[in-house]
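Enquirer: I'd like to ask you about the structure that follows.
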There are 2 protein chains.
Amino acid sequence: MKMNGADALCDTLLAHEIDVCFANPGTSEMHFVAALDRKPEMRCVLGLFEGVVTGAADGYARMADKPAATLLHLGSGLGNGIANLHNARRAFTPMVNIVGDHATYHLQYDAPLTSDIEGIAKPVSAWVRTTKSSDDVINDASDAIEVASAKPGQIATLILPADAAWNEVQNGKVTPRAKPKPQQVSEEAVREAASAIRNGKRTMLLLSGMALREEGLVIAGRIAESTGVRILAQQSNGRMQRGAGRVAIDRVKYRAEDATADLADVDQMILIGAKEPVAFFAYPGKPSTFLKPEATVIPYADNTCDLIHALQWLADELGIPANAPVTLNKREKAILPTGQLNSNKIATVIGALMPENAVVVDESISSGRDFFNFTHSSAPHDFLQLTGGAIGIGLPLATGAAIACPDRKVVALQADGSGMYTLQALWSHAREELDIVTVIFANQRYAILHHELKNVGAGVAGRNATHMLDLVNPTLDWVSLAKGMGVEGARASTAEEFADLFAHACSRKGPFLIEAFI
Amino acid sequence: MKMNGADALCDTLLAHEIDVCFANPGTSEMHFVAALDRKPEMRCVLGLFEGVVTGAADGYARMADKPAATLLHLGSGLGNGIANLHNARRAFTPMVNIVGDHATYHLQYDAPLTSDIEGIAKPVSAWVRTTKSSDDVINDASDAIEVASAKPGQIATLILPADAAWNEVQNGKVTPRAKPKPQQVSEEAVREAASAIRNGKRTMLLLSGMALREEGLVIAGRIAESTGVRILAQQSNGRMQRGAGRVAIDRVKYRAEDATADLADVDQMILIGAKEPVAFFAYPGKPSTFLKPEATVIPYADNTCDLIHALQWLADELGIPANAPVTLNKREKAILPTGQLNSNKIATVIGALMPENAVVVDESISSGRDFFNFTHSSAPHDFLQLTGGAIGIGLPLATGAAIACPDRKVVALQADGSGMYTLQALWSHAREELDIVTVIFANQRYAILHHELKNVGAGVAGRNATHMLDLVNPTLDWVSLAKGMGVEGARASTAEEFADLFAHACSRKGPFLIEAFI
């Protein structure tokens, strides 16, 4: 049967179970769009800006545990998606980007949209390739998928010239490849880690990646209770499983002074899919790392490993039986707060009212720092966060998570300043009828930056600086913004109003936005 | 007097008359923000997304004929600004980007926001440098400004590590440098061009850059009327001066078949700051260029040259006196249209009602293709357009133009799909009280892509493709979007309503948005 390069690409994606494509196509991708028409099993989700597209693909992959495809328009479309690709890279999200380019023979004319696509792609991609012809599409796409699927998940960017899409494939057959297998830790490494745990020093297991899923946390929790080591999660993680019935775990704190204090008594840190904690930013005269200088770091299992296996093997090596005790969070319903709303009251309400098995997407920035304190005992949920510090991830991430998990409520905790970066995602919430309740933390400022101005020793904001840090004159009206994109919304100034609105949003399907004045 | 690197950078910008900074800073730029507080003469304009920041800097520089500075937050902030930097590069806009980075000693820790900033900057910058220390800031910033100011205007990106900003400058003094001088065409080139014009073949002068300002067009118009050559503007140009009292000029047409037909009888084309026209995209089986194969192209004056001088010298060489006749557009008020609104009626109303000396910013895409036909005889105005094909330029470009020209009305012609890319600019319209009337061409689709799907031979959109090309379910409500960002707006479905609203918007100062259903 005849097929062109675009058909071959679609077939290759589908053969590897990649059946969702987040997209904002242009002229150079029209053959791919036309191919999508011939592949009804491929679900296409339009984002009205590429930051939405890449952030949604990230959210999808984090929840589906498989890559999504993105379809982007040349270097500028890719450029618009860079910030959330950066975040996805930091989350170790598997992703396959298809970036259209001019027909190969057209590049020499330097038409207006011509740009160095490979150059733009490289800083955020583990793998970049430009397909040479339609006959190379199947192999190139299969390579891209293989790279993306390798543990811990990587970003592969395939650049598809228009003529490679529209020309017929003369030779080639789509053959699904086996999924790459993760590494295993070595016997030497497990002995070293176990021996460290037994040496009597104050030890911490620092976890990330799959170690933060329910199964990994139970094993880590058993190790902790049996040996007295402490467990902690990395500051930024792609996905954590939390709430009632699960092992409680906190993260490395964001603020350098808090993190340093929290880690002050750690003599040795064993890394399980995590990196040694470092400060998010440097501050004049302050150290970049948090551990005391004499502490040792034991890189037991890096994130290319099967972390569940690494944890279980460590437990076995330590002689911990599979039925050793482990403390799980008990379900406790918090008492609903009252009065003037603030961040902690929002967290309390959400902790009390969120439905079973929700997906919480967190880009609340400074407003959500204490969210964990209020939600260890709430209904079990997955927690997805901003991983790379590039703001504008929340609303897109929620989009993708909701598409991956149509039967679960998605709760998006969204700071106002960051939310403005990719507010176009609200339209996709409406278009795809996604079951997302968005909570806007409307503090009308880049609150974090007021702190940071002081932290870096630059003082208190004056006229020009305040003009850069405060989102006032005019204040944003998120209910109107949501309405403009077809999403119903309402405002809350008190905890009672917020609880009523949140309960209402949880009692129905579909997108809803709450602008919470704090 | 003591100063840190951030102070030195501000002083260097101000010493070179760069006194507007479009910004969205983060922690790594806090010392620069603090320095801005000590420099009240630097005007800071906040954009709620970096695509707004870079597009506004472009619009400012196009109208002010000098660079604006931008302040961007690490690789992700720069990445968000890439698409409009691509457009600015294609417009040959002078621009100095300041991109903050981690402190030099912090980079080794690969903190979450660490990325290859130089790698992201290079595809859109003529010059990229990372400052090594506070003592290098003055020289590096002066180099950046010099590169940016060289004809025809270039993008210079200076990466400023946080410690280079916060450390004290031990050695260094700000000394303004002279502006780089443009090239001059050679005597040989002017003789060749004049001789070509005299050889009896059908000749076209293709103009861009400064040749499209009033002064250049008058000289070009005299040459055309005295010798019978035809003049035409490049398809995409940073800035054109048009309307009553000026020489009428059209642009190379967008659609390949229209452009080819229009250029069919050109035997030789003389380039004045322009490039030989090429198709925006390749289409299967169609040529990438428009001129007939036997036509000759004479690259008389490239855009590094003083184009006014090049035109005048050519006129002199041809013996055309300074008072030779030239036809200027006569002011004609169009009759206002009635009935159901469409793009051409919008153009007619704007042509009839726009105030003297307006700045028209055009990102109407397919809806504005015929705008010139209706506005040659309207009030004189400047015309700024999308130059690099990366959508999302219109609302930011209008922002910058309005800041550069506070006494002129800015009319933004904005397609709906493209407008959604950087709608955050509306907030800056409100915050800075900019005198901008935005006209949204609300056709609820990426209309151009429906044509392009056919053009590339991919057929008519089916279910999946339509889902990618139409902005329906839900439709956008631009009046609510504008309200959400503090901009007043209203809707028009008929030509009468549109004319009333446009006249109203022109009769007052400040931002106003008209959602025009077409």
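Enquirer: Just to be sure before I move on: is B:Lys173 assigned to a loop (DSSP other than H, G, I, E, B), among the charged types (D, E, K, R), more than 11 Å from chain A (Cβ to nearest Cβ) and farther than 30 Å from A:Asn87 by Cβ in the structure I sent?
Expert: Yes; evaluated as a whole, the condition is true for this residue.
Enquirer: A further question follows. Can you tell me which residues in the range A:112-127 are more than 7 Å from chain B (Cβ to nearest Cβ) and either of a type in the set (Val, Ile, Thr) or closer than 15 Å to A:Thr54 by Cα (or both)?
Expert: A:Thr114, A:Ile117, A:Ala121, A:Val124, A:Ser125
Enquirer: Go through the range B:284-324 and report how many residues are part of a loop (DSSP other than H, G, I, E, B), in contact (Cβ under 8 Å) with a residue 24 or more places away in the chain, among the hydroxyl-bearing types (Ser, Thr, Tyr) and open to solvent by less than 20 Å² (accessible area, probe 1.4 Å).
Expert: The number of residues fulfilling the criteria is 0.
Enquirer: A follow-up question, please. Could you tell me which of the residues A:Thr93, A:Thr104 is surrounded by fewer than 22 Cβ atoms within 10 Å (Cβ to Cβ) and either among the hydroxyl-bearing types (Ser, Thr, Tyr) or touching a residue at least 40 places away in the same chain (Cβ under 8 Å) (or both)?
Expert: Among A:Thr93, A:Thr104, only A:Thr104 is surrounded by fewer than 22 Cβ atoms within 10 Å (Cβ to Cβ) and either among the hydroxyl-bearing types (Ser, Thr, Tyr) or touching a residue at least 40 places away in the same chain (Cβ under 8 Å) (or both).
Enquirer: Among the helices (runs of 4 or more DSSP H) lying completely within the range A:24-102, list those that include at least 2 residues that are within 24 Å of A:Phe383 (Cβ to Cβ) and in contact with a Lys or Arg (Cβ under 8 Å, 6 or more places away or on another chain).
Expert: A:50-64
Enquirer: Among the listed residues B:Asp407, B:Asp477, B:Asp470, identify the single one that is charged (D, E, K, R), more than 8 Å from chain A (Cβ to nearest Cβ) and in contact with a Lys or Arg (Cβ under 8 Å, 6 or more places away or on another chain).
Expert: Among B:Asp407, B:Asp477, B:Asp470, only B:Asp470 is charged (D, E, K, R), more than 8 Å from chain A (Cβ to nearest Cβ) and in contact with a Lys or Arg (Cβ under 8 Å, 6 or more places away or on another chain).
Enquirer: Further question: Can you run down the residue pairs with Cβ atoms below 6 Å, 6 or more apart or on separate chains, where the first is in the range B:402-418 and more than 17 Å from B:Ala57 (Cα to Cα) and the partner is of a type in the set (Val, Ile, Thr) and open to solvent by less than 10 Å² (accessible area, probe 1.4 Å)?
Expert: Cβ pairs passing all conditions: B:Arg408/B:Val359; B:Val411/B:Val360; B:Val411/B:Val437; B:Leu413/B:Val439; B:Gln414/B:Thr438; B:Gln414/B:Ile440; B:Asp416/B:Ile440.
Enquirer: Hey, could you check the range B:359-374 for residues that are surrounded by fewer than 24 Cβ atoms within 10 Å (Cβ to Cβ) and out of contact with any helix residue (DSSP H, G or I) (no Cβ under 7 Å at 6 or more places or on another chain) and say which is nearest to B:Asp435 (Cα to Cα)?
Expert: B:Phe372
Enquirer: Could you tell me which residue of the range A:178-209 is farthest from the chain's Cα centre (by Cα), considering only residues that are closer than 15 Å to A:Thr227 by Cβ and of a type in the set (Ser, Thr, Tyr)?
Expert: A:Ser195
Enquirer: While we're looking at this one, here's another question. Please find, among A:Gly417, A:Gly484, the residue that is in contact with a Gly (Cβ under 8 Å, 6 or more places away or on another chain) and facing chain B (nearest Cβ under 10 Å).
Expert: Answer to the selection: A:Gly484.
Enquirer: Limited to the range B:50-77, what total is found for residues that are within 13 Å of B:Ile155 (Cα to Cα) and among the hydrophobic types (A, V, I, L, M, F, W, C)?
Expert: Final tally of qualifying residues: 4.
Enquirer: Has the range B:385-396 got at least one residue that is open to solvent by 20 Å² or more (accessible area, probe 1.4 Å) and either facing chain A (nearest Cβ under 9 Å) or farther than 30 Å from B:Tyr283 by Cβ (or both)?
Expert: Within the range B:385-396 (the criterion being open to solvent by 20 Å² or more (accessible area, probe 1.4 Å) and either facing chain A (nearest Cβ under 9 Å) or farther than 30 Å from B:Tyr283 by Cβ (or both)), the answer is yes, since at least one residue qualifies.
Enquirer: Could I ask something else about it? Conditions first: (1) open to solvent by 30 Å² or more (accessible area, probe 1.4 Å); (2) on the phi > 0 side of the Ramachandran plot; (3) touching a His at 6+ places or on another chain (Cβ under 7 Å). A:Ala248 passes all but one, so which condition is the exception?
Expert: The number of the failed condition is (2).
Enquirer: Would you point out the residue of the range A:83-111, among those that are under 16 Å from A:Asp58 (Cβ atoms) and of a type in the set (Val, Ile, Thr), that is farthest from the other protein chains (Cβ to nearest Cβ)?
Expert: A:Val96
Enquirer: For A:Pro180, work out the one condition from (1) farther than 27 Å from A:Ala352 by Cβ; (2) open to solvent by less than 60 Å² (accessible area, probe 1.4 Å); (3) at pLDDT 95 or above it doesn't fulfil.
Expert: It is condition (3) that A:Pro180 fails.
The values are calculated or read from the model by the stated rules, or taken from the named source; none is laboratory data. Being a predicted model, the structure only gives us computed values, none of them experimental. Here the Cβ is made from the backbone with ideal geometry for all residues, glycine too, and neighbour counts use every protein chain on show. Quick note on the areas: whole protein, heavy atoms, side chains included, nothing else; ligands and nucleic acids left out. Shrake-Rupley method; radii C 1.70, N 1.55, O 1.52, S 1.80 Å.
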